[in-house]
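Here the structure comes first, spelled out in structure tokens, and everything after it is commentary.
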Amino acid sequence: MALRTWRPALLIRRLSYIAGILYLVACSGISEPAEHHQPVEFERTLTEVRSGFDYQAAETQALQQDDFANPGLLWVDSGRTLWASECTACHGEIDAMAGIARRYPKFDEAAARVINLNQRIELCRTQQAILPALPYEAEERLALTVALTHLDQGQPFAVDITGKNAAAFHRGREYFYTRRGQMNLACHHCHEVNAGKRLRGEALSQGQPTGYPTYRLQWQTLGSLHRRLRFCNAALRAAPFDFGAQEYVDLELFLAWRAANLPLEAPAVRR
Amino acid sequence: MAKARINIPRNIRRGDLVEIKTLITHPMETGFRVDSLGVKIPRNILTQFSVALNDTLVFQADLQPGIAANPFISFFLRAEQSGQLTFTWTGQHGFTHVETRAFDPAP
């Protein structure tokens, strides 16, 4: 019999975390190149993209790649079951929806703004399937999102950053390079300038969005990219936005463009 | 509603030792954690997992609060007879989840 037995010792982790951040603040003061204050449009500040997968421990990577034991697959299964009962009447079999997830976030005429896949699903749930509205991080919404995203596993994002998407892209891009919070750091400092350095015993990755929704061992459940972004905001002592906030959707569009040709991995497994 | 995954290898023959893998959604709340307001979150765990082939119990495990959420449990079974495997997870607060699978080793 094999059982996974693991729970974080929260207090110790928090203390070591604060120490790590102080170290990063010190580092980023020295190593930040001056030109990053005014990013040139469409300039890529990463020379090579790397998935968060590469920064995980071997056991975590093995769990993600296990076609059976990856716990995120439980949500893929539930999403497929939900699809079969709530969505096939109009859309047919779920497999016919391949190639859709990788195009989100995108401008939606009905919503009159850029929305992500989770929000597009909720629009259909409430307006087409006439189901009661659910909160952003509800199990059903996560399950449908991961089931559709799983269909595009191995493919890169294919988002459009022009036309009606352009404004959201530019807002997301600006957010990424803007310092904020008590730590006065931007996403860029942790995930580009300091990528590869260690923070509380875990390597700082490039902050790529390709694994989401992701099963995080620390959450002991599947969570959205917005849940992760809320963690990052809290990490730099900045007030997080609500789940589904336009700021996060804009950021998500920028991150999807920034991920370049990295393949989608959902459901990834992260520490 | 809980969701379970069960994996039984294909093309098994009588006499083979086969590994059967299972996974189920469950929070496995330890009862030791507190929420953001400092209120203790009540314990909510699976307490037992058992597997029967037809009417014979072939595997049983007691689960403890230290076990991670969404428990993965695998075990080995000697393929001696055919029939129906019944997987039962039971837990606190009246939780039960049952799945059945055909088990049919070639002679």
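Annotations
- Per-region count, segment A:65-81, residues part of a helix (DSSP H, G or I) and either surrounded by 21 or more Cβ atoms within 10 Å (Cβ to Cβ) or at the interface with chain B (Cβ under 9 Å from one of its Cβ atoms) (or both): 9
- Candidate set from segment B:1-33 (those that are more than 20 Å from residue B:44 (Cα to Cα) and free of Cβ contacts under 8 Å to residues at least 24 places away in the same chain); member that is farthest from the other protein chains (Cβ to nearest Cβ): B:10
- One residue from A:159, A:146 being in contact with a Lys or Arg (Cβ under 8 Å, 6 or more places away or on another chain) and crowded, with 20+ Cβ neighbours inside 10 Å: A:159
Every residue, every condition in (1) touching a strand residue (DSSP E or B) at 6+ places or on another chain (Cβ under 7 Å); (2) surrounded by fewer than 21 Cβ atoms within 10 Å (Cβ to Cβ), yes or no:
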| residue | (1), (2) |
| --- | --- |
| A:211 | yes, no |
| A:229 | no, no |
| A:232 | no, yes |
| A:237 | no, yes |
| A:244 | no, yes |
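- Note on segment B:34-79: among residues that are at pLDDT below 95 and facing chain A (nearest Cβ under 8 Å), the one that is surrounded by the fewest Cβ atoms within 10 Å (Cβ to Cβ) is B:66.
- Output for segment B:81-107, where each listed residue is part of a strand (DSSP E or B) and exposed (fewer than 12 other Cβ atoms within 10 Å of the Cβ): B:96, B:98, B:102, B:106
- Residues of segment A:88-125 classified as surrounded by 22 or more Cβ atoms within 10 Å (Cβ to Cβ) and either over 19 Å from the mean Cα position of the chain (by Cα) or among the aliphatic types (A, V, I, L, M) (or both), total: 5
- Any hit, segment A:162-170, residues being within 19 Å of residue A:113 (Cα to Cα), among the small types (Gly, Ala, Ser) and buried (at least 18 other Cβ atoms within 10 Å of the Cβ): yes
- All positions within segment B:64-80 that are touching a strand residue (DSSP E or B) at 6+ places or on another chain (Cβ under 9 Å), outside any strand (DSSP E or B) and within 20 Å of residue A:74 (Cα to Cα): B:67, B:69, B:70, B:71
The values are calculated or read from the model by the stated rules, or taken from the named source; none is laboratory data. These numbers come from a predicted model, not from an experiment. Reconstructed Cβ throughout: ideal geometry from the backbone, glycine too, with neighbour counts over all protein chains shown.
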